[in-house]
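Working notes, structure below.
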Amino acid sequence: MKAPASEQLILLEIQERDTRLAQLQHRSKTLPEKAELVTARERAERLRKELVAAQTIVSDLEREQAKADADVDLVRERSRKDRHLLDSGEINDPKQLQSLESELQSLAKRQSDLEDVELEVMERLEGAQAAVAHLETALVAAQGDVERLDADVAQLDGEIARERGAVESERGDLVGGVSAELLGLYDKIRGDHAGRGAARLYRGRCDGCRIDLPPSEVAALKSAAEDEVLRCEECRCILVRTEEAGL
């Protein structure tokens, strides 16, 4: 292929823009803030699930405490009625009095046992409520981290997008100065070789693969016409000759 030396030089400028675009894409994908945001979102989601579980435990314990309170109140009311009946003097039968006193003793034991259960449930409930309060605080902090990182990522992505737009505009202006045939070859090579389609020939070295060309290849390049499109034998990039080519 042949192309004016001026067009081949433009390829180097296009390559610079393509390299920068690739760097911007890589930067966008590998922003540390994005990895931190993923971690923060995962933590917030984990805390949400833990909070729901803790709130469920609190709800269960509140029902359990309500039942324990009701059981204690029921026994207390029964004891109060029996004590009132005993103290009223209405019962004169010794057997009935003995039975009533025995029931009061049983109720006292029952009340004591139920109050122990009530206290145990109350302590468990207080612990569960404390866990909920702790998780609520942690979740608020985690959501704050998510919002902060989300804003940071949006700002950085915006900066990258603006620079990408400027570079793409510059590239668009440059491609207008290159023939479709030469640009097509450059794009094909770039697609096949990890984004590198053209490289400067600098003092007998290909700037694409950074390998010094053998003397026989340098000699062949020296004899090539100015408009001949040269290729590096190692990386297959278009070799663009400049004043520092070393030929």
For Ile91, all conditions in the list (1) among the hydrophobic types (A, V, I, L, M, F, W, C); (2) assigned to a helix (DSSP H, G or I); (3) out of contact with any Asp or Glu (no Cβ under 7 Å at 6 or more places or on another chain) hold save one; what is the number of the exception? (2)
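Which of the residues that make up the stretch 1-20 are in a loop (DSSP other than H, G, I, E, B) and surrounded by fewer than 15 Cβ atoms within 10 Å (Cβ to Cβ)? Talk me through it step by step, then tell me what you get.
Just the residues of the stretch 1-20 that are in a loop (DSSP other than H, G, I, E, B), to begin with: 1, 3-4.
Met1, Pro4, listed by residue number.
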Tally, over the stretch 109-137, of residues that are closer than 14 Å to Glu50 by Cβ and crowded, with 16+ Cβ neighbours inside 10 Å: 4
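Quick check on my filter: what residues within the stretch 200-216 are touching a Lys or Arg at 6+ places or on another chain (Cβ under 9 Å), part of a strand (DSSP E or B) and in contact (Cβ under 8 Å) with a residue 12 or more places away in the chain? Quick ask: steps written out before the conclusion?
Going residue by residue through the stretch 200-216, those that are touching a Lys or Arg at 6+ places or on another chain (Cβ under 9 Å) are 200-201, 206-209, 211-213.
Retained after the next criterion (residues that are part of a strand (DSSP E or B)): 200-201, 206, 211-212.
Selection gives Arg200, Leu201, Cys206, Ile211.
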From the options Ile160, Ile211, Ile189, residue that is surrounded by fewer than 17 Cβ atoms within 10 Å (Cβ to Cβ) and touching a Cys at 6+ places or on another chain (Cβ under 9 Å): Ile211
Please work out which one of (1) under 30 Å from Val146 (Cβ atoms); (2) at pLDDT below 95; (3) of a type in the set (Ser, Thr, Tyr) is the condition Ser88 fails and give its number. (1)
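The values are calculated or read from the model by the stated rules, or taken from the named source; none is laboratory data. In this text the structure is predicted, and so the values were computed from the model without any measurement. So basically every Cβ, Gly included, is an ideal-geometry build from the backbone, and we count neighbours across all protein chains shown.
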